[in-house]
Every structure is written in C-alpha cells, then in structure tokens.
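This report concerns only the one structure given below.
Just so it is clear, none of the values below were taken in a lab; they were calculated from the coordinates. Here the structure is a predicted model, which is why all the values come from computation and not from measurement. Backbone-built Cβ (ideal geometry, glycine too); neighbour counts: all protein chains shown.
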Amino acid sequence: MSSAAHAMAFGAECQPGSAGLTRFALWAPGCARVELELHEGEPGRIGRHLAMTRQDDGWHRCTALARAGTLYSYRVREDLSVPDPASRFNPHDVHGPSEVVEPRAFAWTDTAWAGRPWSEAVIYELHVGTYTPEGTFAAAARELGALRRLGITAIELMPVADFPGRRNWGYDGVLPFAPEASYGRPDDLKRLVDAAHHEGLMVILDVVYNHFGPDGNYLSAYCPEFFDPSRQTPWGAAIAFAGAHGETVREFFVENALYWVEEFRFDGLRLDAVHAIRDGDALVRQIAQRLQAGPGRQRAVHLILENDDNAARLLARDPAGRPLAATAQWNDDWHHAAHAVLTGEADGYYSDYGGDPTSAWGRAGAEGFVYQGQPSAWRDGSPRGEPSAALPPTAFVAFLQNHDQVGNRALGERIETLADPQALDAALTCLLLSPQVPMLFMGDEFAATTPFLYFCDASGPLADAIRDGRRNEFAAFAAFADPAGRARIPDPNALSTFAASRLDPADRARPRGRQRWQRVQELLSLRRAWLQPLLDGVAHGGQSVGKPSGPLSVVWPLRGARWRIDANFGAAAATVSPGAGVQVIHTLNAAAGGPDWRLQRFGVLVSLEPLT
C-alpha cells in the first residue's frame, strides 16, 4: 500500500509529523486583512479566529492546530466569510465551510499500476449522478467489472468539482479541488480510481478551466484579479490567464491538474472548451509539460481537449510520435457528419455537414477534422480549423453521442430514438473498428432510450433565468417557435428532469439491450485482436476513397498493413472494391462477389491488407 498527496501553495496543507498542524494559504491581493475561522463541530459555530499574515505578493498565510476533519473558512470582509477556493472537500455544499483533509491517510492498493498506452484506449463517458440509481462514487465502482468485460479500457467522468445543490452536469463547479459531496467523500472517489486500476481501467476526469459557475463563486466578490472584465464567455466572466496577475491565476489551474493526477491518481484529464480560454494554447502546453515532468515520469498520463477551433497545432507529435502537448481531441466533426447521415438533420451546426454528409464523415474518419481552414456557414463564413491529415488517427476521439450532443437537444433525445436501428448497428461498427479512439456515452452499450436532459439545482431568480434561457435558446427551431412549444422543454431545475436522465437498468434486459451489449463486446474483441496491435507508431491519417454521395470508404496506412472500412448508408445496395488479397475482419449485410463486395443498405465491410 502507498499514499499520495500533491503539495501546492494554495489551500490547507496538513504538516506531516506535526501533531495536527495545518498551513493555510489564500491568495487575495485586494484584501487588506483575512482571518482564518475554525469551526467547532458544526458549520457556523466558530471556535477560533486567527489573523493571517499578509504578504506583498497578495498571499495571506498562517499555521494553526487543525486536524483532519476540522471545518474552516476565511473572513475576507466584516460581512463575508468564504470557503477555501482550493478546498479539498466541502461537506456542506459550496456556501458552507471547507474541511481539512489529510490525503496521506488514504491507503492506495494499485501500487503496480503504470497506466495504459493511448493506443489501447476505448473510452466510456459517464455522469456519476445519473449512471446508477444511487448516483455515487461507490455505486459507480460496482459497475467497473462489467465495463471491463465489455471491452472498455478507460472511463471518463464528467466534472466532479463541487457545484451548488445536489444535481448538476458538473460544468457549473465553483470549487475545482473539492469532489462533489453528494457523490461521496474524497476517499470514495479515490476508491473508485483504485478499483478501476485493479480492473485494468484508466480513469479520465473532465475539468473546467474556462469559467466558474454562477452560484457560489465567491472569488468574484473578494478576488477580482481572477477575472478579465473585458471578456465574457457564454457561461460568465472570463478567467484572467493573461495580465498582471496571470501567472498566479494560471498556477491555480495548473496545480489543479497536477492535484487530480497526483493525489487522486487519475490517468488523464479532458479540458473543457479550450477555445473559450484566452491564451488557451499556453495553458494547454503548460499543463502538458508539468504533467509529463511530474507524474508522467512514472506512468502514462494523457491530456484530451475539447476545442471547437480544431487547432491541430495542439495535437502535434515529435519525431518519435509522442504528443508535444495534448494527446487527443474530441472529434466533433466526426460526430456531426455521422449524425447528419443517420438522422438527416440539417439544423444548427449540422447545416455545415448537410450537403454530402457521407463524404464529410469519410474525411473526418480519414483526416480527423472536416473543417481544416475552410469557411463555416454556421459561423457566418469564418474560417475554422487547421490541416490535420498529418496527425495519427489516435489524436482524435470519435463518438456517436456524448453528454453535449444528447443533453444540448431540447428534449435530450438519444440517437437510439432518432435513427434506424440497423443504421445504428452499421455506424457502431464504423466507430468501434475505426483507428480513431472510440468513445461510448453511458447507456450506449445497451441501447438506452432514456433522455439525458440539461439539469441543475438552482433556486430563486437564478432558477427562473436558467429555465427561461434554456427554453428561449430553442426559439429558432420550428418545433419550439411558439411559447406553448417551448413550455414542453423540461425545467432544468425540476427534480423530475434529473430523475428522467438516470439510466434505466431495465433497458439492459430488453432484447435490443442484450443484442447491443453482445454486439459492442464482439466489436471490441475484434478491435483488441486485429486493430489495436497496428496503432502504435502510426505517423499520419488515412484517405477517404469513397465517391461523392456513394458509400463511406476510408483506408488507413497502419503499422505494416492497410485498414479499410466500407459502409453503405444509401437507400440502394452498393458495390465496393477493397482489392484482391485483403483479409476480411468483419462484415454486416455484405456478400462477396469475386474481388468486389455487395453491400446492402446499412452493410459494412472491414478489411485488412498486409503490406509486403
């Protein structure tokens, strides 16, 4: 067994061998005086007040007798006491006091774990609160064995940083170091990671560094240096990563990244909405460098991006094929093109893919991005993206749906309720046997039909603003153009909205659910046996060889072989020619006729051509 702790300048740090002494540190340049409040037994019952020493660089520090479990807060003004922005745990939610945590008290049993190479990644995204009926870290840990048997190699947790209330997607977090108390204590999250490693599963955490949530963000009240008033994001005031105090602000988030990977032993992080971060490139590179110079020296650590700008430069590799910054990026282009093929939808951002969505899907599969600098009509003609064909397929994470693509729909419908089941079987084959890293959203493995709606737990005027804003967001869509139509959009604050978004265990036992599980397991077994060994050392992408408006046909030069997928999503049967001497890996609704193959509607052929 072993212990793990991340030492940092921010927050409360138990002092080893000091019989209960804890060092407290708060960065608040605008505060002339800060007092440490130590609570006795329950929140609000202050036992001791200690003046903190103010230093010229804006730090306030003191050391006090405060054992693990002690509740504390900072009095930054006569009328305002606040939790620690670097709190390791806030048991009474974001408005309550923080708790002193001794991370070295947790005994890790995964001492032999060295991570897994990215070429082995098969990701399963889940939301802790809706993944199980209990909605806790402990309950999620009980499902790990089933995911391993399915063929999953990595679970990705939607953000778990403490948010206001008891239900939220997690992107409104305000205490980025504190695991959400409604999911369990910090040790419960560590047990989840520890158990995953024993199952051979990597664990990736989604983190949000582009904004704080609107409720419980006390930093804005006493530390305006954290924010850039000249810029706004879609979710609130931008964080001041540049400017006079940018170095300290950046360090807060870099330390957060190191904290999750070192103290909780996560195997990687997914950075949310990098495109919304000013100087996002610099932040990504700094985090990547510090991760690799730190925990990355002992085990494999991966950095994944969400970046609507399609900035291929952040995915570049060195001559040995190692990432210079990020390991991979969520490939929204792959999803959008696939969704347009499967549903025929051309509203909103899908309008950029509607002309010939199959060709767009082929380009996304072969080269990563569809938009590599071309003007985007959805973005009013602005150019989007950078050339990506020189990147290896594993620089991209592909998916048929994720929390955004389901939850950002007005009614939260999954692709299962929108597309032909046979088309979905074909698309799932293209996903799981693609050289890009595949990702499933929780429930995909048993064809879940439960919605995943946008939900939160706000009250008062904020709740009204969120509900009305959510409904007005869809006013441009014909189905919600009038007030009566918009009233059908579930209220994000209603408990029923959250409850409807929970996975239904009964879906697993339905014939379609059992069939889907078996199909995913079969395809991932083929991936593990045939495709995975060919992915190491691949230097660049593939080529889309399909004709306009014809079948999807993509070829990838991998290690010692060419991997090919042909898939027919047209109304009529189609003929494809993978070439003589190929080895057939998998077929669906396909039959050979000499060197050519006949694909029925929703037919798929996956083949391998060894290179001499």
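Here the stretch 11-105 was treated as a single set of alpha-carbon atoms; its pair distances binned every 5 Å from 0 give 3, 15, 27, 27, 19, 8, 2, 0 percent.
Helices in the chain that qualify as membrane-span-like (whole DSSP H runs, Cα extent of at least 27 Å along the helix axis, mean Kyte-Doolittle hydropathy of -1.0 or higher) do not occur. Panel order for 156, 35, by other beta carbons found within 10 Å of each beta carbon, from fewest to most: 35, 156. Only helices enter this figure: runs of n ≥ 4 DSSP H residues, each worth -39500 (n - 2.57), summed and divided by the residues of the chain, yield -7000 deg cm²/dmol at 222 nm to the nearest 500. Electrostatic tally near residue 435: other residues with Cβ closer than 13 Å to its Cβ, Lys and Arg +1, Asp and Glu -1, net +1. Arranged from fewest to most other beta-carbon atoms within 10 Å of their beta carbon, 404, 420, 187 become 420, 187, 404.
Here r is the Cβ-Cβ distance between residue 380 and residue 107 and R0 is 56 Å; the resulting FRET efficiency, rounded to 0.05, is 0.50. When the Cα convex hull of the stretch 455-612 is projected onto planes of every orientation, the mean area is 15.0 nm². Over the stretch 201-315, the hull volume per residue, using the convex hull of the C-alpha atoms, is 119 Å³. Net charge within 13 Å of residue 247 by Cβ-Cβ distance, Lys/Arg positive one each and Asp/Glu negative one each, not counting residue 247 itself? Spelling it out: positives minus negatives among the neighbours equals -4.
Radius of gyration over Kirkwood radius for the chain, both on Cα atoms: the Rg/Rh ratio is 0.98. The three principal axes of the C-alpha atoms in the stretch 316-381 carry coordinate ranges of 41, 25, 16 Å, sorted with the longest axis first. If you take all other residues with their beta carbon under 10 Å from the beta carbon of residue 569, and give Lys and Arg +1 and Asp and Glu -1, the sum is 0. Dividing the radius of gyration of the alpha carbons in the stretch 539-610 by their Kirkwood radius gives 0.96 for Rg/Rh. By other beta-carbon atoms within 10 Å, ranking 565, 466 with the fewest at the front produces 466, 565. Take every Cα-Cα pair in the stretch 169-246 and report what % of them are more than 21 Å apart. Result for the distance tail: 42 percent. Percent of Cα-Cα pairs more than 28 Å apart in the stretch 320-467, please. Above the 28 Å cut-off, the stretch 320-467 has 25 percent of its Cα pairs.
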